[in-house]
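Step one of this worksheet: look at the structure below.
The values are calculated or read from the model by the stated rules, or taken from the named source; none is laboratory data. The structure displayed is predicted, hence computed values, not measured ones. Cβ placement follows ideal geometry from the backbone for every residue including glycine, while neighbour counts extend to all protein chains displayed.
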Amino acid sequence: MSNSSNSPFILVIGTGGTIAGLTTDSGNGGYQAGQVPISTLLVQIETKFSIKNIQLSNIDSCDMSESLLSKLGLQVRTGLADPKVMGIVITHGTDTMEETATFLELVCGEYSKNLGKKVVLTGSMLPSDHPEADGPRNLSAAIEFSGEGGGPGGVWAVMGSKPIPGLRLVKGHSSDVDAFLEETLPNGWTQVSNDLPIPSDNQWPWVEIITSHSGARLDIIRLLRDRGVQGIVLAGTGAGTVHENLAPALEQFMEARGAVVRASRIGRGYVGGTLANGRLGMALGAGFLTPAKARIALQLALFATAQSGAKTLSWRDYFAKIVGLSEVR
């Protein structure tokens, strides 16, 4: 692995996660994520590509913050703009990898496609010192994939040594080593890439996720509205259905100019724009986005709409493009 400053290179950004984790002395398979620096992880990798690395953070990805997402997005954009950078690999915990992949797709996916460069997230399900650690294999595959010429650019993930488009990434199991799946979209389904602005630390719109379930109560929605929440993603039952107790409060939230998006708590499958029983008629469906992905998308759509000098597009217009809706009601 060469680090020559005069040759093209793969930029590897470390953020932590299980891939950088170490087992604990508990004896029950426990570990602490984000303990090993990216420079140490790279020592294990044999590759024909030159490598440079940046340690952006070293955290458990369940603690991912909006501030860190902003820093990562700006770092990736800077890396993509460097003509010597052939591709970018990001080591990341698996808990929130889907959200980060969605964020990167929405803020630099089009840019990376136009440049023909790949931004590749990778991680592991087993800590770095586990005898069957999957991290080195995934990291090596991610580096090779990011350095390949001739293939499509854009945001990807490599988990289980297989590439998955970033926006289609789904964590389908909590513990299996091969835990990630690719969401399958229907033939002809199109998704519009349109890089959105990156919020700074204190500019992220406040969006929360509310789950519809048996015996749901509306009090939490009224509380969030009174506290100034700008958007709500409903993790609905089935194909985004909502309990009758929640629907009136969500309707009132929308009447007060709050943004509501309907997703499914199932985590896979399509959520359309209307419900047969007519509830939440003004809410947008999240398409194939999970509630966590939909939250990121809604935050970025709301932020883009609020920018001075922005076009006359509403958050609904931006979100509809993100999920591939042909029109907005």
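Being in the same structural domain as M159 (by TED's automatic domain parsing) and either part of a loop (DSSP other than H, G, I, E, B) or among the basic types (K, R) (or both) narrows it down to one residue among V36, V89, V76; which is it? Just a single option satisfies the conditions, and that option is V36. Only a single criterion out of (1) within 21 Å of R268 (Cβ to Cβ); (2) charged (D, E, K, R); (3) surrounded by 13 or more Cβ atoms within 10 Å (Cβ to Cβ) is not satisfied by D176, namely (3). A count restricted to the stretch 53-67 and to residues that are outside any helix (DSSP H, G or I) and farther than 19 Å from V155 by Cα stands at 6.
Checking each residue in the stretch 269-311 for being within 18 Å of W206 (Cβ to Cβ) and β-branched (V, I, T) picks out I296, T305.
Among the residues of the stretch 250-303, those that are polar (S, T, N, Q) and buried (at least 19 other Cβ atoms within 10 Å of the Cβ) comprise S264, T290, Q299. Within the option set L250, L298, being closer than 26 Å to S65 by Cβ and in contact with a helix residue (DSSP H, G or I) (Cβ under 8 Å, 6 or more places away or on another chain) holds for one residue only, L298. Test S70 against the criterion of being surrounded by fewer than 21 Cβ atoms within 10 Å (Cβ to Cβ) and either small (G, A, S) or in a strand (DSSP E or B) (or both), and give yes or no. Criteria met by S70. All conditions in (1) surrounded by fewer than 16 Cβ atoms within 10 Å (Cβ to Cβ); (2) at pLDDT below 95; (3) within 23 Å of L325 (Cα to Cα) hold for R222, with the sole exception of (3).
One residue is enough: does the stretch 316-323 have a residue meeting the conditions among the small types (G, A, S), closer than 25 Å to E110 by Cβ and part of a loop (DSSP other than H, G, I, E, B)? Checking the stretch 316-323: not a single residue is among the small types (G, A, S), closer than 25 Å to E110 by Cβ and part of a loop (DSSP other than H, G, I, E, B).
Let's see how each residue does on (1) among the small types (G, A, S); (2) surrounded by 24 or more Cβ atoms within 10 Å (Cβ to Cβ):
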residue	(1), (2)
A101	yes, yes
L104	no, yes
N114	no, no
G123	yes, yes
L126	no, no
H130	no, no
A133	yes, no
R137	no, no
